[in-house]
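S.K.: Handing you a structure now.
Laboratory data are not the source of any read-out in this text; all were calculated from the coordinates shown. Keep in mind that this is a model prediction, so the values were computed, not measured. Every residue, glycine among them, receives a Cβ derived from its backbone with ideal geometry; neighbour counts consider all protein chains shown.
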Amino acid sequence: MKICKCGGAVLHPAPQAPSRGKVNESIFLDVSAYGRRDAKETGLPAIYRTHTPGVISETVVSDFAEEAIAALEKLGHNVYTTIYAPKQRQNNKKWTKLLQKRNVVFRPVDRQRQDGWTGEEIDDEIIAAVRHLWSKKHVQFFALLTRDNGYLNIIQDTLSQGHRVIVLAEENCRTVLNRHAEVGALVMAIQREHDHGCRVQAVLHADGSGSVRQCKLQETLQETSEHTAAALMQFFQELGYRQDSGYLVQSATKFWFENTMGDLTVFPQCLALQTVYDATLLHGSHSFKKYKNDLAFLSPVTSRSGSKVKARAEYGSMSAKAVFCGGGPFMLRDSTELTSEVLRRLGYLDAGLNSDMSEAMVAFVNRPDNKHVLRKRDMLPSKLDRRQDVDDKLRAAFLSNCTKGFWQLPATDLEIHRLLHQQNLLTSTTAHRQVALQAMQKYAEREGLPVRKTYNLNALQIMHHVNGNPTKTGWIDFQ
């Protein structure tokens with residue numbers, strides 16, 4: 001796919017400039033994708049959505065929304081924005097500037113289950129709004145700012161109605177841009193505002209283990225070029241390491257490992273892709289092993305919490321900090337025990353206070369980042385699922401190329417110990433974990449929560465219970 005330069009963004013294919021006046025536009029900005037998820041409608045209406053607590057960067061969401069609006073205005077469009085979000089978001093100071101802009105309207109979304117957001121409420125509002133606007137003659141364009149393919153069906157339906165659609169995404173979201181271009185949408189790549197370099201590297205070793213290291217500031221990292229990405233896609237498809245979609249870093253790491261080519265720096269991922277690309281120039285695809293769909297590449301991450309300023313100074317970015325504190329990537333060969341093996345490596349399952357497999361799976365899927373990834377890939381367990389069903393879904397997710405391989409570790413002890421100490425159930429915030437488990441079980445019984453067997457699940461359940469954020473997603477359980 002060739003992408004043409006267009007001001008501060010790039011657009012494919014190059015649009016025809018409006019011949020008379022400005023074109024009215026309806027934009028849907030899925031900002032839920034930025035760290036957690038949000039969506040926005042701008043154009044003759046623009047839609048913006050946000051719901052998940054903590055992980056999403058409110059500043060990033062606002063900045064990208066404004067960049068998208070500005071890019072469309074440069075093309076000659078009248079852009080109107082309607083922000084769909086929980087009503088509490090309108091009081092967020094970081095959104096004040098955006099909400100005060102001309103032609104920006106806030107629409108609160110309050111439809112919520114008693115046990116929290118499912119994650120789809122705002123998507124439903126956006127889809128309904130798009131369909132409503134199909135019949136409005138003054139709306140000549142629809143636009144979507146996103147980081148995934150979650151709205152692909154409504155985009156296709158809108159195109160089939162004879163409307164034109166522009167999809168905007170960060171320049172590194174190549175699969176998203178390509179997929180929407182394939183169905184007939186115009187695509188615009190917004191240049192990323194890079195973090196202050198990167199001070200972290202993660203290495204996958206030849207034996208499947210991994211490590212992380214801090215390094216000198218890498219300020220000159222370049223995003224993988226369109227030419228390099230296209231060449232890698234074709235190369236991986238010939239050998240079976242890539243199907244029609246998926247993250248290139250997954251294909252690259254599995255190819256490198258399967259062909260026993262030594263250590264590979266997998267973060268920042270542009271280093272991995274360039275290393276693999278350089279190797280392909282020296283050999284034809286005929287000299288390499290074909291993929292048997294039997295590898296799981298995983299990179300543990302911690303939550304992106306704490307001071308951004310400190311994280312940037314020490315690691316280069318919040319993402320780099322999460323990777324570094326995750327301890328390093330690893331590769332596993334598929335087996336019937338893959339799910340339990342992954343959960344052990346990530347710290348959800350052990351021979352001590354977390355020895356129950358069912359509870360380990362519940363804890364894993366309820367960590368916010370993990371839940372989000374699984375939901376977007378239609379792999380999230382439901383209450384009707386049995387233990388084996390959940391095991392199968394997680395096994396498929398770990399083997400899939402449709403995730404980056406980032407999976408969130410259990411939370412640290414500090415928050416739950418502080419809460420129990422405040423509730424006079426622990427005498428110290430540094431209490432032994434066995435003592436803390438007994439305290440958590442007492443707290444759960446007192447609050448009417450299920451009393452769990454394991455440390456991780458009790459801690460996660462209690463912190464979810466006390467989380468007062470009205471936009472937290474609902475609790476996931478199964479039979």
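S.K.: In percent, how large is the relative contact order of the range 360-479, given Cα pairs closer than 8 Å and 6 or more residues apart?
M.R.: 36 percent.
S.K.: Work out the length of the dipole vector of the range 196-334 about its Cα centre, built from +1 on the beta-carbon of each Lys and Arg and -1 on the beta-carbon of each Asp and Glu, and round it to the nearest 20 debye.
M.R.: Once rounded to the nearest 20, the dipole reads 540 debye.
S.K.: Quick one: MET261, MET331, fewest Cβ neighbours within 10 Å first, how do they rank?
M.R.: MET261, MET331
S.K.: Can you compute the FRET efficiency between ASP350 and GLN161 using 1/(1 + (r/R0)^6), with r the Cβ-Cβ distance and R0 = 60 Å? Round to the nearest 0.05.
M.R.: 0.65
S.K.: Using Cβ contacts closer than 10 Å as the measure, can you line up LEU353, LEU168, LEU394, LEU338 from fewest to most?
M.R.: LEU353, LEU338, LEU394, LEU168
S.K.: Report, in listed order, any pair from LYS254/LYS292; LYS93/LYS310; LYS87/LYS136 with a Cα-Cα distance greater than 20 Å.
M.R.: LYS93/LYS310; LYS87/LYS136
S.K.: Once you have the Cα-Cα distance between ARG418 and SER225, take 0.36 nm times their residue separation minus that, and quote the gain in nm to one decimal.
M.R.: Full extension from ARG418 to SER225 adds 64.7 nm.
S.K.: Still on this model: Using a basic spin-label model with each label point 7 Å from the Cα along Cα→Cβ, how many nm lie between ARG446 and LYS289?
M.R.: The two pseudo-label positions are separated by 5.5 nm.
S.K.: If each residue's Cβ is checked for other Cβ atoms within 10 Å, how do VAL200, VAL105 rank with the fewest at the top?
M.R.: VAL105, VAL200
S.K.: Something else: Give the calculated FRET efficiency between SER382 and TRP475 to the nearest 0.05, with a Förster radius of 22 Å applied to their Cβ-Cβ distance.
M.R.: 0.95
S.K.: Work out the P(r) tail for the range 336-479: percent of alpha carbon pairs separated by more than 18 Å, whole number.
M.R.: 56
S.K.: Here's something else I'd like to know. Hey, with R₀ at 35 Å, roughly what FRET efficiency would HIS132 and ASN467 work out to, going by the Cβ-Cβ distance, to 0.05?
M.R.: My answer for the efficiency is 0.55.
S.K.: Follow-up. For the range 378-440, calculate the relative contact order in percent as a whole number, restricting contacts to Cα pairs under 8 Å that are 6 or more residues apart.
M.R.: For the range 378-440, the relative contact order is 19 percent.
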